[in-house]
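Take a look at the structure below.
The values are calculated or read from the model by the stated rules, or taken from the named source; none is laboratory data. Source: prediction; values computed, not measured. Cβ placement follows ideal geometry from the backbone for every residue including glycine, while neighbour counts extend to all protein chains displayed. Side chains included, ligands, DNA and RNA excluded: accessible areas come from the protein's heavy atoms. Shrake-Rupley method; radii C 1.70, N 1.55, O 1.52, S 1.80 Å.
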Amino acid sequence: MFWRTVLAGTIFAFLLPLAAFKDSEPALLPDAETELGYYPKDYFIRPIGDALRLTGTFGELRNNHFHSGIDIKSSTGGVGQPVYAAADGFVDRIKVEESGYGNALYIKHPNGYTTVYAHLDRFSPEIEAYVRAQQYTQESFEVDLNPTDGRFSCARGQEIGKLGNSGGSTGPHLHFEIRHTASGRVLNPLLFGLPVTDNIPPDIRDMKVYFLAEDRSVLHSKAFPISKRAAGRYGIAGDTATLGAWRVGFGVKTYDQLNGLKNDNGVYAIELYVDGVLTYGWRTDDLSFKETRYLNAHVDYSAKKRYGAWFNRLFVLPGNRLSGYQQTATMGLIALHRDKVQQVLIKVFDASGNASEVRFHVRRSEDMETPPPQSYNQEMPWNTENVVQYDGFYLRLPKGVLYENLLFHYHTTPDNNPKTYSSVHHVHYETTPAHQYFDLALKPYGLPAELQAKAVIAKCDTRKPVNCGGTLRADGMLYTRVRNFGDYCVMVDDVAPTITPVLFSENMRGQEKFVFRITDNFETEAQARNLHYRGAIDGKWVLFEFDAKRDRLSHTFDKSMTSGEHVLRLEVFDDRNNKAVFEKTFTR
């Protein structure tokens, strides 16, 4: 049976007192026990002093990736709560980035695991001083550092930083991970005995049925209404569904909730049985960052893009190479029979062992349902390279871009924007996912020679145009690589970014920092570079910290700043090297 009893006793309801952090010393584990699939239950302590209240679980469905840790809610609702080392070890990596994990620490432990602490507000004082010195050496806010082993040793329960909201965080919390050091795979922290209270079964809110081709590509889909019968028990009207299809698969929209919180968290595992035989099984024991974008094949990507609905597919698309699926005979495909009724059982589990289930029967109808007609230019097999070339348009999808066969649609429409130098190329639909980057080239028309260096391929089906980069080649085509279908055109970006003072005056006596807001007329993705900047006082580089969520640059004065008159010069560049400059004199 796919489901193992590993969950029994995994999550404890009791809370460790903070004093126990340093008094309890776990024994080191033999090397053989650090293999994937082994989860020591008494080695790691919780990384904050309060009860663990989770706003995100491991393997949770996120945009273009699975969540790689647990999100621990701030007990105060703000930043500054102490964060502790979950076990003895040393700091192996320190990373500061504008988005993503923000301020993050990686601690390597002698038992073969590494813990990660992300979105920190700040590091411990000795680490903070080391990072600041490296930022000045490299003249960069973003740094990725690997201190020598043992330079920053950590005892179990030692404070290593403060909980924060840095990077891509959407609110104050600690993102906490446990990784298998040798392989780099991230492991589910809730399998390590961390004390989380949860006796609530997952909530199954909706279902869909998918009509499938023989290779499990989707022909079309429709709603499959379910209703709740009792706590953790669901069914369908009439008990038996009659479907006009040779083969089907199912999808469920399901979430988990923990005691005392209303957050919709991810579930741990899903199984599907047909007549008592496991047909599909998936669970979130561990993940690889190399595989995480396969989330777009695991979920119904179109439903997420159209309606914001997260449906887990209970069948595996032919191009989905995500590990974590149980290998079964049909990988979730159910062959229907007109003269045979089959029993379907879907079970959903959380990491505490709570379970919910949907039971119903299914059979094939005498009348077959046909997919609605689609207009398309060519059929693209998922397992080959595909190339499309028209006048002024070139597209190459390497093998591995598609998860299933695609009826590719393309057309153009005119665009009268004075800064647009091509038609709008409608490159299939944004509701279809692409796993890898693919080549896209468009031919500019009427582009003046003096603007060629400013030309970009822009995604133009969004509220604000998105610069996807571009290089003009000898054949007169503008080339780039993108990872989304949608509408593209050639545009020109010759507008400098804007620098808006938020906190600046000629008299900065008594002030702690400068604050500026920097913005641009284009968003960026693919091969285009985000805004980059350089700040200097009296000609010497100074550290400006960038908060990407609010587009804010700030410089905090330190003891080296002498009283008197000084000159601040702040330069901001966009992807096409348009430059904005703010230069003024101030007094300290």
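When the pairs 262/290; 399/459; 459/579; 41/304 are compared against a 27 Å limit on Cα-Cα distance, 262/290; 41/304 fall above it. For the stretch 332-425, with all protein chains in place and a probe radius of 1.4 Å, 44% of the accessible heavy-atom surface sits on carbon or sulfur. Here residue 506 sits with roughly 130 square angstrom of accessible surface, probe radius 1.4 Å.
Take every Cα pair under 8 Å in the stretch 424-580 that's 6+ residues apart, average their separations, divide by the length, and report that relative contact order as a whole percent. Contact order relative to length: 23 percent.
Taking 0.36 nm per residue of separation and subtracting the Cα-Cα distance, full extension of the segment from residue 463 to residue 450 would add 1.9 nm. Looking at the chain, the accessible area is 44 square angstrom per residue; that uses a 1.4 Å probe and ignores ligands, DNA and RNA.
For Cα pairs less than 8 Å apart in space and 6+ apart in sequence, what is the mean separation divided by the residue count of the stretch 404-458, i.e. the relative contact order in percent? Write down the numbers at each step before the final one.
Details: 34 pairs, mean separation 15.7, N = 55.
Rounded, it is 29 percent for the stretch 404-458.
The simple Förster model, with R0 at 45 Å and r as the Cβ-Cβ distance, assigns residue 205 and residue 132 a FRET efficiency of 0.40.
Note on residue 331: accessible area is roughly 20 Å² with a 1.4 Å probe, heavy atoms of protein only. When peptides 371-377, 292-298 are ranked by their average number of other Cβ atoms within 10 Å per residue, the highest-first order is 292-298, 371-377.
Share of carbon and sulfur in the accessible area of the stretch 188-252 stands at 50%, probe radius 1.4 Å. Here the calculated FRET efficiency for residue 139 and residue 170, from their Cβ-Cβ distance with R0 = 45 Å, stands at 0.90, rounded to the nearest 0.05.
Net length available on complete extension from residue 368 to residue 343 is 6.9 nm, with 0.36 nm assigned per residue and the Cα-Cα distance removed. The length gained on full extension between residue 390 and residue 51, counted as 0.36 nm times the residue separation minus their Cα-Cα distance, comes to 116.0 nm. Site pair residue 278 and residue 550 shows an inter-label distance of 5.0 nm when each label is modelled 7 Å from Cα along Cα→Cβ. Can you tell me the FRET efficiency between residue 584 and residue 410 if r is taken as the Cβ-Cβ distance and R0 is 51 Å, rounded to the nearest 0.05? Between residue 584 and residue 410 the formula returns 0.50. The protection proxy used here, the mean number of other Cβ atoms lying within 10 Å of each residue, ranks peptides 567-576, 227-236 as follows, highest first: 567-576, 227-236.
In percent, rounded to a whole number, the relative contact order of the stretch 524-588 is 34, using alpha-carbon pairs under 8 Å and six or more apart.
For the chain, the Kirkwood hydrodynamic radius from C-alpha pairs, put into Stokes-Einstein at 4 °C and a viscosity of 1.567 mPa s, yields a diffusion coefficient of 48 µm² per second.
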